[in-house]
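The structure under discussion appears below in the form of structure tokens.
The values are calculated or read from the model by the stated rules, or taken from the named source; none is laboratory data. Values in this document were obtained by computation on a predicted structure and should not be read as measured data. Because the Cβ atoms are built from the backbone with ideal geometry, glycine has one as well, and the counts that use them run over all protein chains shown. For accessibility, only protein heavy atoms count, side chains too; no ligands or nucleic acids. Shrake-Rupley method; radii C 1.70, N 1.55, O 1.52, S 1.80 Å.
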Amino acid sequence: MTTSRISVPNPIGILLELTHRCPLHCPYCSNPLELDKRSKEMDTATVLRVLDEAAELGILHVHLSGGEPTARRDIVEITAKCASTGLYSNLITSGVGLALGVLPALADAGLDHVQLSLQGATAPQADKVAGLKGSHDTKMKFAAEVARLGLALTVNAVIHRGNIDEVEAFIDKAIELGARRLEIAHTQYYGWAYKNRAALMPARPDVDRSIQIVEAARKRLSGKLVIDLVVPDYYALRPKACAGGWGRKLMNVSPAGKVLPCHAAESIPGLEFWYVQDHSLGDIWHRSPAFNAYRGTDWMPEPCQSCERKEIDWGGCRCQALALLGDAKLTDPACGKSPFHARIEALATSEAAVIAPPDYIYRGPGQAVVREVEDIIP
Amino acid sequence: MSELTSFSVPKLPRGVRLHFDKVRNAYVLLAPERAFNVDDRAVTVLKLVDGVHTIRAIAATLAAQFTADPAVIERDITAMLADLIGKRVVEA
């Protein structure tokens, strides 16, 4: 691996995918195509130990995610552990299933923050994307309970061609639900979203309009609602620094206990991931091959290596380079400096131009057909 | 957002809390998806921000503690709190 010694700051955040079980079937789910079975999930003692190790390592934020994290019977115990170790707990939830019933106990256990996903601003659209009738109405009840308990709320809306006209309505809905923060997150094309890209990719003019709506709302709602915007990088000029740079800030733990530099990193062949059952988090952060594979700047090819933004973008996203170019070591083609950038923008444009997009392939077991790497290299 | 006055009562909103980071030996303000470094001066003030005491009362406490002019302290902490309100980690 790397020979030069890189000084590694400690991580600040950890995303625990506590389970892949989820009542929803969103076609852009960030879980991998191969979902972990319940029988493989970390047991309670392991999760609690991981939280102790996270606190010792200087991690500040814990994102309790899934799947639907409240599907785990020990979610209250896990939340209480975050509180007792000083970790900031963020429940990333669908609000469906067991979430509503368990919320008061989570608030009592010291939950700091709730992030609720909405699939649409209205029930018909939302239920279609979630693949579950009645899900939107349940979410509205859940949001009311969040407000009743006085918990801090962020609404997360993943944007794609099916709901891009609802950005304004999402903003209104977030205000109505008493959220202090809204994420307008254009779909990032990994895992299920990559599989469904042709059904999800919005057209460029619609993307531009959605950005203008957010910018106007930020001004109008300053001091009332913070709106975070994630743009679709196929149309971007600069790539996103994936997870703030590989192995720089964040850790991601799969339900089975596999520790990844980002949620999609498993898609990269040849990386050696370590499990929390075998190693401490600190050991994994500093010593595991996967975390060191693309850490720092030594691994970078051109045009990254001589780029003045190399310690801003950190080469963009490895998983995207792999998915689109077949080689995780290349510059993320979302970057305008990549020789392949024009091709991925053309690819997005052509998919978005299809008048009748394909049906969604809903997330769920038995759908794990891995898509071929696309042939965009000449 | 209304202007801060001597009689404004600042508080940390739900979902925001002051945390001592043992690893980095520093206080941080934790908020959803964000963490803000806070210097010693800000920590001294934030420990008195409880949703009960006015800015004037906080300034008086600090003035007694540091034998300083309460008017000067009040001006300083008002500016500091306005900055944190802009970052949505304090309400008043």
Members of region A:132-162 that are open to solvent by 10 Å² or more (accessible area, probe 1.4 Å), of a type outside the set (Ser, Thr, Tyr) and more than 27 Å from residue A:209 (Cβ to Cβ): A:132, A:133, A:134, A:137, A:141, A:144, A:145, A:147, A:148, A:149, A:150, A:151
Filter pass, residue B:89 being closer than 30 Å to residue A:52 by Cβ, touching a Lys or Arg at 6+ places or on another chain (Cβ under 9 Å), in a loop (DSSP other than H, G, I, E, B) and within 14 Å of chain A (Cβ to nearest Cβ): yes
Checklist (1) open to solvent by less than 50 Å² (accessible area, probe 1.4 Å); (2) under 20 Å from the mean Cα position of the chain (by Cα); (3) hydroxyl-bearing (Ser, Thr, Tyr) applied to residue A:30, failing item: (1)
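The rows are residues; the columns are (1) surrounded by 13 or more Cβ atoms within 10 Å (Cβ to Cβ); (2) in a helix (DSSP H, G or I); (3) more than 14 Å from chain A (Cβ to nearest Cβ).
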{"residue": "B:19", "(1), (2), (3)": "yes, no, no"}
{"residue": "B:45", "(1), (2), (3)": "yes, yes, yes"}
{"residue": "B:48", "(1), (2), (3)": "yes, no, yes"}
{"residue": "B:56", "(1), (2), (3)": "yes, yes, yes"}
{"residue": "B:63", "(1), (2), (3)": "yes, yes, yes"}
{"residue": "B:71", "(1), (2), (3)": "no, yes, yes"}
{"residue": "B:76", "(1), (2), (3)": "yes, yes, yes"}
Residues located in region A:219-230, provided they are farther than 19 Å from residue B:13 by Cβ and either in a helix (DSSP H, G or I) or more than 23 Å from the chain's Cα centre (by Cα) (or both): A:219, A:220
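Would you mind stating whether residue A:101 is on the phi > 0 side of the Ramachandran plot and open to solvent by 40 Å² or more (accessible area, probe 1.4 Å)?
Working: on the phi > 0 side of the Ramachandran plot: no; open to solvent by 40 Å² or more (accessible area, probe 1.4 Å): yes.
Against the criterion (on the phi > 0 side of the Ramachandran plot and open to solvent by 40 Å² or more (accessible area, probe 1.4 Å)), residue A:101 does not qualify.
Conditions tested, residue by residue: (1) of a type in the set (A, V, I, L, M, F, W, C); (2) at pLDDT 95 or above; (3) within 21 Å of the chain's Cα centre (by Cα).
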{"site": "A:65", "(1), (2), (3)": "no, yes, yes"}
{"site": "A:69", "(1), (2), (3)": "no, yes, yes"}
{"site": "A:76", "(1), (2), (3)": "yes, yes, no"}
{"site": "A:84", "(1), (2), (3)": "no, yes, no"}
{"site": "A:90", "(1), (2), (3)": "no, yes, yes"}
{"site": "A:95", "(1), (2), (3)": "no, yes, yes"}
{"site": "A:99", "(1), (2), (3)": "yes, yes, yes"}
{"site": "A:106", "(1), (2), (3)": "yes, yes, no"}
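Filter region A:222-238 for residues that are over 26 Å from residue A:34 (Cβ atoms) and open to solvent by less than 30 Å² (accessible area, probe 1.4 Å); which is farthest from the other protein chains (Cβ to nearest Cβ)? Full working, then the answer.
Within region A:222-238, the first condition is being over 26 Å from residue A:34 (Cβ atoms), and the residues that meet it are A:222-229, A:231, A:235-238.
From what is left, the residues that are open to solvent by less than 30 Å² (accessible area, probe 1.4 Å) are A:225, A:227, A:235-236.
Details: A:225: 9, A:227: 11, A:235: 24, A:236: 21 Å.
Ranking the qualifying residues of region A:222-238, first place goes to A:235.
When you scan region A:256-350 for helices (runs of 4 or more DSSP H) that lie fully inside it, which ones turn up with 3 or more residues that are in contact (Cβ under 8 Å) with a residue 40 or more places away in the chain and of a type in the set (A, V, I, L, M)? Give the derivation first.
Working: elements: A:281-287, A:289-293, A:310-313, A:318-325.
Answer list for region A:256-350: A:318-325.
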Qualifying residue in region A:51-67 (condition: open to solvent by 10 Å² or more (accessible area, probe 1.4 Å), closer than 28 Å to residue A:8 by Cα, in contact (Cβ under 8 Å) with a residue 40 or more places away in the chain and part of a helix (DSSP H, G or I)): yes
Residues that are farther than 21 Å from residue B:16 by Cα and part of a loop (DSSP other than H, G, I, E, B), drawn from region A:68-90: A:68, A:72, A:73, A:74
Odd one out for residue A:87, checked against (1) within 21 Å of residue A:22 (Cα to Cα); (2) open to solvent by less than 20 Å² (accessible area, probe 1.4 Å): (1)
Scope region A:199-235; condition acidic (Asp, Glu) and touching a residue at least 24 places away in the same chain (Cβ under 8 Å); matching residues: A:206, A:228, A:233
